[in-house]
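Engineer: Structure in structure tokens, see below.
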Amino acid sequence: MQHIFSTDLTSGLYTDMYQLSMAHSHFNYNRQNEQVVFDYFFRKQPYDGGFTVFSGLGELLPLLQEFKFSDRDIDWLHKNGFKTEFLEFLRGFRFNGTLHSMREGEIVFPQEPLVRVQGNIVEAQLAETVLLNYLNFQSLVATKAARIKLVARGAALSEFGLRRAQGLGGMFASRAAFTGGFTSTSNVLAASIYGLPAVGTMAHAYIQSYDDELEAFRSFAKVNPEGCVLLVDTYDTLKIGVPNAITVGKEMEQEGHKLMGIRLDSGDLAYLAKQARQMLDEAGLNYVKIVASNQLDEHIIKSLFEQGAPIDIFGVGTNLATGKPDAALDGVYKLSMANDEPRLKLSENIKKTTLPGLKQVYRYSDDKGNFIADAVALESDAVPVAMHHPYEPDKSMSLEGYSSEALLQLVMQNGEPTNAPTSVTDVAAYATERLSKLSAEHKRFENPHIYKVGVSKQLLDLRNDLRSKYKKESL
Ligand SMILES: Nc1ncnc2c1ncn2[C@@H]1O[C@H](COP(=O)(O)OP(=O)(O)OP(=O)(O)O)[C@@H](O)[C@H]1O
Ligand SMILES: O=P(O)(O)OC[C@H]1O[C@H](OP(=O)(O)OP(=O)(O)O)[C@H](O)[C@@H]1O
Ligand SMILES: O=C(O)c1cccnc1
């Protein structure tokens, strides 16, 4: 009997069935050496926001390196109708493609390619599902984390989501939360794998298991005097919980320790935080921090500060780890070249017609380093000095006078990463630095100003030529 925990997740079967059926067919027609290019991009900002934090690359690259078909995988495919010669080909399969990508932690926008995958048609197609699975979810959660950080006024942010996450996705949620700006996690396995600070307070069950809350606090503090946070809302926050925490805090001082904090997990968090702060301060425990949790998100945290809540640390679980209220980032993977020919996918909806060709993305900044606009261009273009609206081509914008940087950088060549892995701490620092260059209008939660992403004239012309060609063919 197999279980997920007895399964190697680098298995080539971690894909959708149609990828294998297509690969089988390509192999059958001896097309496995045909070269293609795919682009990864998304169409709609999550949370009706103005930006996305690109996350997940640091897990994707090592996965692609290891992606392979084991004897067990081959056996399963054999039982499911795949031909022997194809299975022999898969037995020796390795991903040898080349990737250009935005740096992990980059602030990104709809329509622009975030990753460009070049390789043979089989490897590039087989990479699709896992690439989308890794990048869509981690970017969704990293963006949520960054939105929370924007309103957190420097408070520490701890990710508490494992219990409410979509199963094993909780591992990636913890990683992504950190890349987006959280400072710690309660998820011990994620902390140990990714080198994150692991933190924890205590649960109601611990207090309920004693006859008396004071006795529970005392026993816990004795064993955990460092970083001790007492949960004060089990019976009555202000009448019982905070006074008991003060008693234990004073007792800890006698022992040469300091109570680190109290945690509020229900009720009116602003009111309770103010009252608790006053009680702690009057008892001489002004160093004791106030931790808040309970279905928090960026809107509630913003409101709590506007109400003057003296909260030092937020624990955020459900809304962060699940990307609530958005179930997914809508990132897609579309073919843009085949055998050196640009390709596009037509749609009745011009917004869904893809951008053909081998492309680069340029970011333009003013002399203070603030982001102004992004232009998608053909790699063969000179750096554009003007760009057009992707769907209303009469609208154009001059890019003269701004500095530009190419955002898609080589990250994997012939299946090998080109750089040493980046730590999640470095990714988080990069995301913070880049987000600081995006104006407040693009970062506000209500009707954020839409960041301009345009296309070069040559790319627009190429798309129009191909559209006309395919439209004519379909007449
Ligand atoms: N001052 C506040 N301003 C805005 N939102 C708040 C404030 N205090 C708490 N909240 C939020 O309001 C929601 C309160 O949820 P709910 O009505 O379930 O209360 P509760 O205190 O958790 O109840 P229970 O005691 O049953 O657990 C939570 O999401 C919480 O974060
Ligand atoms: O509200 P979230 O943002 O998802 O944060 C995580 C929640 O998980 C815990 O509650 P739970 O009732 O599961 O356990 P407990 O008995 O320890 O409170 C904790 O007390 C938080 O309220
Ligand atoms: O440490 C905590 O307080 C914690 C951890 C996970 C979920 N809720 C709370």
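Engineer: Only residues that are without any contact (Cβ under 8 Å) to a residue 40 or more places away in the chain and either within 12 Å of ligand 2 (Cβ to nearest atom) or within 21 Å of residue 187 (Cβ to Cβ) (or both): list them for segment 297-323, please.
Structural biologist: 300
Engineer: Checking residue 263 against (1) outside any strand (DSSP E or B); (2) touching a residue at least 12 places away in the same chain (Cβ under 8 Å); (3) within 16 Å of ligand 1 (Cβ to nearest atom), which test does it fail?
Structural biologist: Every condition holds for residue 263 apart from (1).
Engineer: Restricting to segment 33-56, what's the tally of residues that are part of a helix (DSSP H, G or I) and in contact with a Ser or Thr (Cβ under 6 Å, 6 or more places away or on another chain)?
Structural biologist: Narrowing segment 33-56 to residues part of a helix (DSSP H, G or I): 46-48.
Restricting the remaining residues to those that are in contact with a Ser or Thr (Cβ under 6 Å, 6 or more places away or on another chain) gives 46.
Qualifying residue count, segment 33-56: 1.
Engineer: While we're on this one: Quick check on segment 187-204. Is at least one of its residues in the same structural domain as residue 291 (by TED's automatic domain parsing), within 13 Å of ligand 2 (Cβ to nearest atom), in a helix (DSSP H, G or I) and not aromatic (Phe, Trp, Tyr)?
Structural biologist: yes
Engineer: Residue check, residue 111 against (1) in contact with a Pro (Cβ under 8 Å, 6 or more places away or on another chain); (2) open to solvent by less than 20 Å² (accessible area, probe 1.4 Å), all met but one. Which one?
Structural biologist: Going through (1) in contact with a Pro (Cβ under 8 Å, 6 or more places away or on another chain); (2) open to solvent by less than 20 Å² (accessible area, probe 1.4 Å) one by one, residue 111 breaks only (2).
Engineer: Shifting gears a bit: For the list (1) open to solvent by less than 10 Å² (accessible area, probe 1.4 Å); (2) more than 14 Å from the chain's Cα centre (by Cα); (3) away from ligand 2 (no atom under 16 Å from the Cβ), I need the number of the one condition that residue 211 fails.
Structural biologist: Exception for residue 211: condition (1).
Engineer: Filter segment 321-341 down to the residues that are more than 16 Å from ligand 1 (Cβ to nearest atom) and not in a loop (DSSP other than H, G, I, E, B), then identify the one that is surrounded by the fewest Cβ atoms within 10 Å (Cβ to Cβ).
Structural biologist: Once the filter is applied, the top-ranked residue is 341.
Engineer: So the check is Cβ under 6 Å with 6+ separation or different chains; which pairs have a first residue in segment 397-422 that's in contact (Cβ under 8 Å) with a residue 40 or more places away in the chain and a second one that's among the hydrophobic types (A, V, I, L, M, F, W, C) and not in a loop (DSSP other than H, G, I, E, B)?
Structural biologist: Correct list of pairs: 397/387; 407/361; 408/361; 411/99; 412/61; 412/99; 417/61.
Engineer: Another question about this same structure. Which ones in segment 393-410 are open to solvent by 80 Å² or more (accessible area, probe 1.4 Å) and under 28 Å from the mean Cα position of the chain (by Cα)?
Structural biologist: Listed by number, the list holds a single entry, 409.
Engineer: Report, ordered by the first and then the second residue, all pairs with beta carbons closer than 7 Å, sequence separation of six or more or different chains, a first member in segment 143-166 that is in contact (Cβ under 8 Å) with a residue 24 or more places away in the chain, and a second member that is within 13 Å of ligand 3 (Cβ to nearest atom) and open to solvent by 50 Å² or more (accessible area, probe 1.4 Å).
Structural biologist: 158/199
Engineer: Looking at the structure I just gave you, is residue 277 assigned to a helix (DSSP H, G or I), more than 16 Å from ligand 2 (Cβ to nearest atom) and open to solvent by less than 40 Å² (accessible area, probe 1.4 Å)?
Structural biologist: yes
Engineer: Go through 309, 373, 270, 382 for me and flag whichever is away from ligand 3 (no atom under 16 Å from the Cβ) and under 27 Å from the mean Cα position of the chain (by Cα). Give the steps one after another, and end with the answer.
Structural biologist: Details: 309 fails: under 27 Å from the mean Cα position of the chain (by Cα); 270 fails: under 27 Å from the mean Cα position of the chain (by Cα); 382 fails: under 27 Å from the mean Cα position of the chain (by Cα).
Checking each option against the conditions leaves just 373.
Engineer: So in segment 165-205, with the set limited to residues that are surrounded by fewer than 15 Cβ atoms within 10 Å (Cβ to Cβ) and among the β-branched types (Val, Ile, Thr), which one is nearest to ligand 3 (Cβ to nearest atom)?
Structural biologist: Taking the candidates together, the pick is 188.
Engineer: Just name the residue that is least open to solvent (accessible area, probe 1.4 Å) out of those in segment 12-39 that are within 30 Å of residue 145 (Cα to Cα) and in contact with a helix residue (DSSP H, G or I) (Cβ under 6 Å, 6 or more places away or on another chain).
Structural biologist: The extreme case among them is 38.
Engineer: Kindly evaluate residue 216 against the criterion of being aliphatic (A, V, I, L, M) and touching a residue at least 24 places away in the same chain (Cβ under 8 Å).
Structural biologist: Answer is no for this residue.
Engineer: Looking at segment 286-298, is at least one residue part of a strand (DSSP E or B), open to solvent by less than 60 Å² (accessible area, probe 1.4 Å), modelled with pLDDT of 95 or more and more than 9 Å from ligand 1 (Cβ to nearest atom)?
Structural biologist: The answer is yes, given that some residue of segment 286-298 is part of a strand (DSSP E or B), open to solvent by less than 60 Å² (accessible area, probe 1.4 Å), modelled with pLDDT of 95 or more and more than 9 Å from ligand 1 (Cβ to nearest atom).
Engineer: Can you tell me which residues in segment 286-298 are in contact with a Lys or Arg (Cβ under 9 Å, 6 or more places away or on another chain) and farther than 15 Å from residue 227 by Cα?
Structural biologist: 286, 292, 293, 297, 298
Engineer: Here's another thing I want to ask about it. Can you tell me which of 390, 384 is of a type outside the set (Gly, Ala, Ser), assigned by TED's automatic domain parsing to the domain that holds residue 458, at pLDDT below 95 and surrounded by 16 or more Cβ atoms within 10 Å (Cβ to Cβ)?
Structural biologist: 390
Engineer: Somewhere in segment 299-320, is a residue in a loop (DSSP other than H, G, I, E, B), under 16 Å from residue 41 (Cα atoms), open to solvent by 20 Å² or more (accessible area, probe 1.4 Å) and not polar (S, T, N, Q)?
Structural biologist: No, that holds for no residue.
Engineer: I'm told residue 258 meets every condition in (1) buried (at least 21 other Cβ atoms within 10 Å of the Cβ); (2) away from ligand 3 (no atom under 16 Å from the Cβ) except one. Can you identify the failing condition by its number?
Structural biologist: Only one criterion is unmet by residue 258, namely (1).
The values are calculated or read from the model by the stated rules, or taken from the named source; none is laboratory data. Note that the structure is a prediction, hence the values are computed from the model and not measured. Neighbour counts are summed over all protein chains in view; Cβ atoms, including those assigned to glycine, are modelled from backbone coordinates with ideal geometry. What goes into the accessible areas is simple: the full protein's heavy atoms, side chains included, and nothing from ligands, DNA or RNA. Shrake-Rupley method; radii C 1.70, N 1.55, O 1.52, S 1.80 Å.
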